[in-house]
Amino acid sequence: IVKFTLTTSERISLKLFNALGQEIAHILDETLPVGKYEKSLDIGNWSLVNGAYFLQLQTNDQKLQTIPLQVIR
């Protein structure tokens, strides 16, 4: 679960990248109003191999957070 809070209405982008920096999935891309948000990720539906991945949360082309993610199947 990815949690974030917006203090102003923002365009939000949440993407998944592999360890080489290649975009694997575009999870969220929309303008959201002020508020608290939780985005649940169901990676079981994705064909990911074991390894390191990174979730990147951006607003208006500004990186807010990069979250490491380890997949072990």
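The values are calculated or read from the model by the stated rules, or taken from the named source; none is laboratory data. Predicted model, so just to flag it, every value in this text is computed and none were measured. Neighbour counts run over all protein chains shown; Cβ positions are idealised from the backbone, glycine included. The area values use the complete protein model at the heavy-atom level, side chains included, leaving out ligands, DNA and RNA. Shrake-Rupley method; radii C 1.70, N 1.55, O 1.52, S 1.80 Å.
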### Rounded to whole Hz, the Karplus (6.51, -1.76, 1.60) HN-Hα couplings of segment 24-39, x for glycine and proline
9, 8, 9, 7, 8, 7, 7, 8, 10, x, 4, x, 9, 9, 9, 10
### Message
Just to verify a number: what accessible area does Thr7 come out at with the full protein assembly present, 1.4 Å probe, Å² rounded to tens?
### Response
120 Å²
### Task
Please identify every one of the chymotrypsin sites (Phe, Trp or Tyr not before Pro) in the chain that sits in a loop by DSSP and has no more than 14 other beta carbons within 10 Å of its own beta carbon.
Trp46
## Note on the structure
Sorted by chain and then number, the residues having a modelled amide H within less than 5 Å of the amide H of Leu41, at least 5 places away or on another chain, are Val2
### Message
Restricting things to Cα coordinates, could you compute the convex hull volume per residue of the chain in Å³?
### Response
84 Å³
### Query
Under a plain spin-label model, where a point goes 7 Å from the Cα along Cα-to-Cβ, how far apart in nm are Val49 and Ile72?
1.9 nm
### Summary
Between Ile24 and residues 5 or more places away or on another chain, the pairs with built amide H atoms under 5 Å apart involve Leu16, Phe17, Asn18
#### Entry: the chain, accessible surface, carbon-and-sulfur percent (1.4 angstrom probe)
49 percent
#### Entry: Most positive-pole-ward Cα, Gly35, Leu14, Thr66, against dipole of the chain from beta carbon charges
Thr66
